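Report on the structure given below.
The values are calculated or read from the model by the stated rules, or taken from the named source; none is laboratory data. Note that the coordinates shown come from a computational prediction; the quantities given were computed from them, not determined experimentally. Cβ placement follows ideal geometry from the backbone for every residue including glycine, while neighbour counts extend to all protein chains displayed. These accessible areas exclude ligands, DNA and RNA; they are computed on the full protein's heavy atoms, side chains included. Shrake-Rupley method; radii C 1.70, N 1.55, O 1.52, S 1.80 Å.
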Amino acid sequence: QVQLAESGGGLVQAGGPLRLSCAASGRTFISSYTLAWFRQAPGTEREFVAAITRTEGTTYYDFVKGRFTISRDNAKNLVYLQMNSLKPEDTAVYYCAAKISTGSFYRDSNYAYWGQGTQVTVSS
C-alpha cells in the first residue's frame with residue numbers, strides 16, 4: 001500500500017516557475033514504482049503530464065516537453081515536477097500517481113495509487 005500527498009501548488013503568473021512535490025509513504029519501497037504526474041482542468045478529462053520509471057527513465061506529453069521536468073529522490077520518497085514557462089492553459093489540479101505494473105504510462109487506469117491533488121493556477 002502506498003499513500004501519496006502532493007504539495008507546492010498555487011497561483012503563479014504566466015512565464016513563471018513552480019515546483020510540485022509528492023511525498024510517498026507506506027510499507028512498500030517507492031523505488032520499485034513508476035511515478036507520474038497527471039492533471040485535470042475543469043470540464044476536461046484527466047490527462048498524462050510526465051512519468052519517471054524506477055530506473056529514472058522519463059517520458060513527457062508533448063505540451064510540456066522542454067518546460068517541465070520530472071525527477072525523483074528515492075531516499076526521501078519524493079517525486080518532483082519542476083514547471084517552467086507556465087502558461088494559463090497549464091491551470092489544473094495536478095495529481096501524483098504510482099504504478100508497479102507494466103503497461104502504458106499514459107493511461108490513468110494503469111496507476112494503482114493516487115494523491116489528492118494540488119491546484120495550479122496560472123494567471124495571464
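A few comments on the model shown:
- Comparing PRO42, PRO88, PRO17 in a Gaussian network model of the chain (Cα springs below 10 Å), the most mobile by mean-square fluctuation is PRO42.
- For the chain, the relative contact order works out to 35 percent when only alpha carbon pairs closer than 8 Å and six or more residues apart are counted.
- Cα gyration tensor category, rounded, prolate or oblate, for the stretch 15-124 with a/c compared to 1.5: prolate
- Check: the chain dipole with +1 on Lys, Arg Cβ and -1 on Asp, Glu Cβ, in debye: 260 debye
- Since only VAL2, VAL49, SER21 are under comparison, the one whose Cα sits farthest along the positive direction of the charge dipole of the chain, derived from C-beta charges on Lys, Arg, Asp and Glu, is VAL2.
- Excluding exposed DSSP-loop trypsin sites (Lys or Arg not before Pro) (at most 12 other C-beta within 10 Å), longest clean stretch of the chain: 28-64
- All other residues whose Cβ lies under 11 angstrom from that of GLN82 are scored, Lys and Arg at +1 and Asp and Glu at -1, for a net of +2.
- Straight-line cross-link partners of LYS65 among the lysines, defined as a Cα under 21 Å from its Cα and at least 8 positions apart when in the same chain: LYS87.
- Rounded percent of accessible protein surface that carbon and sulfur make up, the stretch 1-107, 1.4 Å probe: 48 percent
- Computed from backbone phi with θ = phi - 60° and the Karplus coefficients 6.51, -1.76 and 1.60, the 3J(HN,Hα) list for the stretch 78-91 is 10, 10, 10, 9, 8, 10, 10, 6, 5, 10, x, 6, 7, 4 Hz; x is used for glycine and proline.
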